Amino acid sequence: MNVNIHAGRRAVPDTGAVLRHIVNITTTSGVIMKIDATNNQVVSEIKKTISVIARIALEDLADDVRIREELGIDSLMSIEIIAKIEKRYGININEEEIMKISRVGEFVEHIASKIAMA
Amino acid sequence: MKIALISPRGATAIDDRLRSIFQDSRDVQGYIDSLSHAFSSGLLVVAALTPDCHEIRVIDENYDSIDFNEAFDLVGISAMTQQASRAYEIADAFRKRGVMVVMGGIHATVLPQEAKEHCDAVFIGEAEHTWPAFLDDLSKRTMMSFYRGEAAPDMAASPIPRYDLLNRNNYKVIWMQTSRGCPHDCEFCSASRVYGYAYRHKSIAGIMDELNVIKSIWPRGRINFADDNFFVNKKFSKELMRHLKALDLRWFAQTDISVAYDDELLDMLKDAGCTTLLIGFESVSEQSLGSVNRNSWKRKQLSGYSPAIEKIQSKGIGIVGTFIIGFDSDTKETIHTLSEFIIANNIFVPQITILTPLPGSRLYERLTEEKRMLHNPWSHYTFTEINFNPRNISVEDLKNELYNTYEKVYSRDVRLKVLNHFKSIFKTVQ
């Protein structure tokens, strides 16, 4: 089944809170399915991976922080983060899509939605 | 005294066509990622050598404007060659207002008489001995026109640069020097003729103290080690890597290919926070490389380039590979071979520049003697402009080959190939 993913809304900045992460999946037949991708553990694992690879404290990974300009995460670090997550969850993340993302929240959300679909 | 220490605005190396090329691949890998305005570390050392009784303002003209009517008692300017034209404009403007101006840095060091036409005193070489002597002379009103650093300063005794004087919000990448001197006598290099070929470094404790100062100002900052050749003394480098590991930093350094020949050192880099290494490959033409060093060191490495690149990048470290076009033996064909090499070897960030005869270099002397210099203003010495008559290719064709090479190695397909190559690597490295 080919699907397009649209994040339902942005995740809230406080990672300790329960994230309600609704992902809209549009199938090739045009049916829109709503998937609740809420998963604190996944989000915290993604953020931990970013924190370890980019050597940035977890508390600095607020959702509205800019990945390149504020955290200094370049394309090499981004691809390392993607590779580790792909390996951990057995998923595939499109490099071009992820490189276009500028803020932490959208980055985490994009990956979480891929994991939710897997 | 109220002292202004000024780093003049740099000439832009990226014209509209290059900007357009990099923009096209911006989403798949930013070449611009790898660039950052470097502040003048030398001025921060000068500030650290200045007694506290003086008030110092550091002005980086890439970010801050200069108020020529501000009441400075002394203006110090440090410039590289591409900044020299602007440095002279600034110096002239202050002197017109009766302000004393002194100049240092690499350009004033190699062309002191030229610099002297625009200022009251010129600093030749490193500042550690000369700046305190100048301040002493100034207080006694016995100032000289030239201050020459005769002996190479002991870097272990060099003070921590005054990073606190920078506007911290301007910089995400912090340039820091741990050593001076490079054993390679490259014909195009002027730095070696200023700092000498003997390698000198700061102490481990001094480096750690300096890094802790930087971390206190920029907790998320990335470090670019500005040393011309970071791993000259492998034993010292390994000791440094052990200490860097504890600081949890991300850093970049410039080195030569010999880092690939030391497995123990190579294995330590990523843990120590190294993300990227800049390596000056210069060329993949045996003839061109043969002209670089008197002892042909770089030519002798050529057969090892591909395995060395693979070995370094297999550790998860991206190579910023720097290449020069415009050597006497370069033709359109050799430049095409270069782009094929870059693509085949998945070099993370290729950087191609035009051979540039920097004043102070042996290349400058040779091309002047051969009457091949184009006598452009110093603001053209950006490494993407052509400042001499090439031997086997026209000026126009050489410039076009620069664009063509960048277009090839920064095409979307090539950048995606490189990213996928690194994705595979990162799935295997710990």
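The values are calculated or read from the model by the stated rules, or taken from the named source; none is laboratory data. Keep in mind the model is a prediction, meaning the values are calculated, not measured. Counting neighbours? That spans all protein chains shown, and the Cβs are built from the backbone with ideal geometry, glycine included.
Scanning the range B:280-302 for residues that are among the hydrophobic types (A, V, I, L, M, F, W, C) and either surrounded by fewer than 22 Cβ atoms within 10 Å (Cβ to Cβ) or within 14 Å of chain A (Cβ to nearest Cβ) (or both) returns B:Val284, B:Trp297, B:Leu302.
The condition of being farther than 22 Å from B:Ala13 by Cα, under 23 Å from the mean Cα position of the chain (by Cα) and more than 14 Å from chain A (Cβ to nearest Cβ) holds for only one of B:Glu385, B:Glu365, B:Glu369, that being B:Glu365. Every test in (1) more than 14 Å from B:Arg250 (Cα to Cα); (2) buried (at least 20 other Cβ atoms within 10 Å of the Cβ) is passed by B:Ile174 save one, and that test is (1). Looking across the range B:263-307, the residues that are closer than 29 Å to B:Phe327 by Cβ and assigned to a loop (DSSP other than H, G, I, E, B) come down to B:Ser283, B:Val284, B:Ser285, B:Ser291, B:Val292, B:Arg294, B:Asn295, B:Ser296. Within the range B:249-269, the set of residues being away from every other protein chain (no Cβ under 14 Å), within 15 Å of B:Ser314 (Cα to Cα) and not charged (D, E, K, R) comprises B:Ile257, B:Val259, B:Ala260, B:Tyr261, B:Leu265, B:Leu266, B:Met268. Say whether the condition of being assigned to a helix (DSSP H, G or I), over 25 Å from B:Thr428 (Cβ atoms), within 13 Å of the chain's Cα centre (by Cα) and hydroxyl-bearing (Ser, Thr, Tyr) is met by at least one residue in the range A:104-114. Yes, because at least one residue in the range A:104-114 is assigned to a helix (DSSP H, G or I), over 25 Å from B:Thr428 (Cβ atoms), within 13 Å of the chain's Cα centre (by Cα) and hydroxyl-bearing (Ser, Thr, Tyr).
Listed residues B:Ala272, B:Ala246; which is within 14 Å of another protein chain (Cβ to nearest Cβ) and modelled with pLDDT of 95 or more?
The conditions single out B:Ala272.
Determine whether the range A:56-63 contains at least one residue that is closer than 15 Å to B:Pro219 by Cα and buried (at least 19 other Cβ atoms within 10 Å of the Cβ). Within the range A:56-63, one or more residues are closer than 15 Å to B:Pro219 by Cα and buried (at least 19 other Cβ atoms within 10 Å of the Cβ). Quick one: how many residues across the range B:330-387 are within 30 Å of B:Ile124 (Cα to Cα), in a strand (DSSP E or B), hydrophobic (A, V, I, L, M, F, W, C) and touching a residue at least 24 places away in the same chain (Cβ under 8 Å)? Of the residues in that region, 1 qualify. Restricting attention to the range B:394-413, the residues being within 14 Å of chain A (Cβ to nearest Cβ) and surrounded by 20 or more Cβ atoms within 10 Å (Cβ to Cβ) number 1.
Scanning the range A:71-95 for residues that are at the interface with another protein chain (Cβ under 7 Å from one of its Cβ atoms) and not in a helix (DSSP H, G or I), we see that the one that is nearest to B:Ile174 (Cα to Cα) is A:Gly72. For the range B:414-430, taking the residues that are in contact (Cβ under 8 Å) with a residue 24 or more places away in the chain and within 7 Å of chain A (Cβ to nearest Cβ), the one that is surrounded by the fewest Cβ atoms within 10 Å (Cβ to Cβ) is identified as B:Leu416.
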